[in-house]
Amino acid sequence: MIRIEALPAREGDCLWVEWDHAGCTRRMLIDGGPAGRGDTLPEGLDARFKRQPADECAFDLVVCTHLDADHIGGLIPLFRDPPEGFTAHDVWFNGDRQLLGDVLSYAQADSLSRLLRDRPWNRHFEGRAAAVPPSGELPRADLPGLRLTLLSPLWQTLQRLSRMWTREVERMERQRHAPEQTMAPDVLGGSDTGVPWEKLTAHPYTSDPSVPNRSSIAFLAEHEDGSRVLFGADAHAETLQAGLRRLDGTPWGRPYPVDLCKVPHHGSSHNLSPQLLAQLDCQHWLFSTNGDRFGHPDRRAVARIAARYERPVLWFNYLSPSTSEYAHAELAAERGFTAEHPSGDRPGADLTVSHGLVTRTPITPGRAQ
């Protein structure tokens, strides 16, 4: 069993992941969403820790997928002033040590790098970068009861990011302090508001040019019961597609089966290509965003999923202006999918993947929600 909580993280990702092994619950945290006011722990993550017993706050792994503010921001206060009982056996983050040696720049990426200096850091990679080599086997990490297979980033992408490090962290710092927007177009400017649904899939695909997104740590998680979850971060479609082709046991020309996919880049159409969808056999798709800053998910991305698969299930962690279109059951059925939203006053998505089945995690007596 793998349980995934897509905590409310506004436009960002903050995934609290648990799985069972030998009668015990293991944990992993993937990203922290944007920081809260005054660079404090974000509200969703703070609330989650407050309802977690202090003696159950040990994590096998914390992953900071990349340096964008809506992923890294909440992890800085987590490591700077950790909640009672919080420990992390390993942290995956490609920071200045992996990209620049010991040369510091500044901003959030450097803040997290400094906080991790005396902690386990990329332990599974012997302190080196979490990166996919040009050839050979994909890097793997075996946690108790869970195997992780790295699909992104490519080593050459990190080399490119290292040459752009200072410029990119400056850009992200400016974005972090920029006034928030409401329902802006997709980050690359291609708004599809008002386009008839049947015409969305005809829109040509263009790839995400962002180097930080291309540097995202994305991986496949496989539980010992056979359940598979693809955590797509903000990775590029082309990188994920190439990684899936290299997985052991993938029949040539056959899509790779996974039970749930955390949609790359919050549902941007520039990170979900028709070719990537053709490489995946997946019925359940998790969207982590409220759409405030960039209007994600992009309608083109949702339409591509609906066109590719038979009755896919779309899971959203917000009922917001950018996701409410999919909340109408009759319209969703007409378009060929099922959509699951949280209640409007209680954002977040809590899913369980068990023996290949994906369901909403039931509320059990005595478990705080």
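The values are calculated or read from the model by the stated rules, or taken from the named source; none is laboratory data. Not measured: the values here are computed from a predicted model. Reconstructed Cβ throughout: ideal geometry from the backbone, glycine too, with neighbour counts over all protein chains shown.
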*Somewhere in region 41-59, is a residue in contact (Cβ under 8 Å) with a residue 40 or more places away in the chain, under 26 Å from D110 (Cβ atoms), in a loop (DSSP other than H, G, I, E, B) and not aliphatic (A, V, I, L, M)?*
no
*Considering residues of region 112-129 that are touching a Leu at 6+ places or on another chain (Cβ under 8 Å) and among the small types (G, A, S) only, the residue modelled with the lowest pLDDT*: S113
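Restricting to region 303-349, name every residue that is touching a residue at least 24 places away in the same chain (Cβ under 8 Å), of a type in the set (S, T, Y) and not in a loop (DSSP other than H, G, I, E, B).
Correct list: Y326, T338.
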*Output the residues belonging to region 89-111 that are modelled with pLDDT of 95 or more and surrounded by fewer than 22 Cβ atoms within 10 Å (Cβ to Cβ).*
H89, D90
_Looking at the structure I just gave you, is P82 surrounded by fewer than 24 Cβ atoms within 10 Å (Cβ to Cβ) and either within 19 Å of the chain's Cα centre (by Cα) or in a helix (DSSP H, G or I) (or both)?_
no
*Considering residues of region 335-355 that are among the charged types (D, E, K, R) and more than 19 Å from the chain's Cα centre (by Cα) only, the residue nearest to C261 (Cα to Cα)*: R335
*What are the residues in region 20-34 that are closer than 17 Å to A47 by Cβ and either buried (at least 24 other Cβ atoms within 10 Å of the Cβ) or in contact (Cβ under 8 Å) with a residue 60 or more places away in the chain (or both), if any?*
L29, D31, G32, G33, P34
